[in-house]
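Worksheet: the structure to be examined is printed underneath.
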Amino acid sequence: MNLPWLDPVVERLEASLSAQRLPHGLLIGGTRGTGKNRLARWLAGRMLCLAPSGANACGQCRSCQLADSNTHPDFRIIAPEGPGGQIKVDEIRELIDLLNLTPGIGSSRVVVIEKAEQMNRSAANSLLKTLEEPSGDVWLILVSDRPDWLPATIRSRCMQLTIPVPDPGIAAEWLAQTRAPEPSDDGQDASVEPDARSPENLELALVLTGGAPLLAAGLLDRGRVGRAVRLLEDLLALETGQKHAASVVSEWTDEAGEGFEWLARWSAQAIRLKTIGESTIGEAAARSTALVRLAELDIDRLHAAYRFSLECRRLADTPMRADLLLTRWFSQWAKRSA
Ligand SMILES: [Zn+2]
């Protein structure tokens, strides 16, 4: 899997599997972008493999090959369609029909439900019956960024595993080892240069994603860290009068949603830098000129900026016009600097 912060969890799961003590319902929770789905797929692969060695599926047997090509008769992954999509009761019923069959290949049937909190109520009720009376060779692996949104009846019937946000040092080391993707030749995103994997960029990518390594990797791959730093520099340029709000607003209108998220992250990190010091974000990020300058500003303003950024981030998903939201944000910011 090559996600080193998951090694202790993998070891524990492997030990439970070997001892045949793994419960039939498992709920993997934790922050988005920490590798929960990959952990669930690893576990499913390991359970289905006909000749596993230690923590690893063999990758060679018929079961592994079918799982790799997503055609395994005893394995399903269910996920909602789109960000706000629901998992509906029909999908769960279909699943239960599958679980009532005899395994086709090995001795286990495994179902992974990603974003399980997006099951609607009847889907959850329907799943509950299966969790209450699991048959011996069926395993259900639920994955959720927000396990607390799942009905308590579901949670209580699963063994809960929480994946923590990894230590920033471990995450940055892993990011340094992940290679930037080759530029695609299909013309898509050709203008986007992945961000260089400098220590500063790696740590800033973690700052911008709340320490979630897979999200940070995505940000670096899409060449967005430099852009987020640019937003911070624009903010500081407003502060010193080198730029006018109108030009900053028009530059960021198309990226307002992500921009508000970055503004929230930048202000939160400036507050941490001011109050706790560099230890929480890494030395290279703490030396980042723009972040250091932001942290020199008044802490009440930073707190206000953080709160208002979160509010605007939420509003950016409504039909509200992005340029108006940005104008409000920057005029609020400018008012406090007067
Ligand atoms: Zn295998």
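Give me log10 I(q)/I(0) at q = 0.12, 0.20, 0.21 Å⁻¹ for region 48-120, Debye formula, one equal scatterer per alpha-carbon, no solvent.
So the normalised log intensities work out to -0.39, -0.88, -0.92.
Strictly greater than 20 Å: what percent of every Cα pair in region 1-79 meets that?
32 percent
How high is the relative contact order of region 4-163? Use alpha-carbon pairs under 8 Å, at least six apart in sequence, and give a whole percent.
Taking the mean separation of contacting Cα pairs over the length of region 4-163, I get 34 percent.
Check residue 138: other-chain or 5+ apart residues with amide H under 5 Å from its amide H, H built from backbone geometry?
109
Counting only pairs 8 or more places apart or on different chains, how many lysine pairs in the chain have C-alpha atoms closer than 29 Å?
9
What list of whole percents do you get for P(r) of region 168-337, with Cα-Cα distances grouped in 5 Å bins up to the one holding the largest distance?
1, 9, 18, 20, 19, 16, 10, 5, 1, 0
Helix 225-239 against the longest principal axis of the chain: what's the angle in degrees, Cα atoms only, rounded to the nearest 10?
Orientation of helix 225-239: about 30 degrees from the principal axis.
Counting alpha carbon pairs within less than 8 Å and at least 6 residues apart, what relative contact order, in whole percent, applies to the chain?
After rounding, I find 16 percent.
Tell me, what HN-Hα J-couplings in whole Hz come from the Karplus equation 6.51 cos²θ - 1.76 cosθ + 1.60 at θ = phi - 60° for each residue of region 142-150, using x for Gly and Pro?
Rounded to whole hertz, the list is 9, 10, 8, 6, 10, x, 5, 7, 6.
Given the options 219, 324, 142, state which has the largest fluctuation in a GNM of the chain using a 10 Å cut-off (strictly under) for Cα springs.
Among 219, 324, 142, the largest GNM mean-square fluctuation belongs to 324.
In the Gaussian network model of the chain, springs joining C-alpha atoms below 10 Å, which of 212, 228, 19 carries the largest mean-square fluctuation?
19
Normalized C-alpha radius of gyration of the chain, against 2.2 N^0.38 Å?
1.15
Based on the alpha-carbon set only, what is the convex hull volume of region 4-163 divided per residue, in Å³?
It comes to 109 Å³ per residue, whole-number rounded.
Output wanted: per-residue J couplings in Hz (rounded whole) for region 168-175, from phi through Karplus 6.51 cos²θ - 1.76 cosθ + 1.60, θ = phi - 60°, x for Gly and Pro.
So the Karplus estimates, Gly and Pro as x, are x, x, 5, 5, 5, 5, 5, 4 Hz.
Mean-square fluctuation check for the chain, GNM, Cα pairs under 10 Å: which of 119, 320, 159 is largest?
For the chain, modelled as a Gaussian network with Cα springs under 10 Å, the answer is 320.
If amide H atoms are built 1.01 Å from N in the plane of the peptide, which residues on other chains or at least 5 residues away come under 5 Å of the amide H of residue 161?
Here 27, 28, 29 satisfy the definition.
Helix-derived [θ] at 222 nm for the chain: sum -39500 (n - 2.57) over DSSP H runs of at least 4, divide by residue count, nearest 500?
My calculation for the chain gives -15500 deg cm²/dmol from helical runs alone.
Could you go through region 151-159 in sequence order and give the Karplus-derived ³J(HN,Hα) for each residue, using 6.51 cos²θ - 1.76 cosθ + 1.60 with θ = phi - 60°, rounded to whole Hz, and x for Gly and Pro?
x, 4, 5, 6, 4, 6, 9, 10, 7
We did not get these values from a lab; they are worked out from the coordinates using the rules stated. Since we're looking at a predicted model, the values are computed, not measured.
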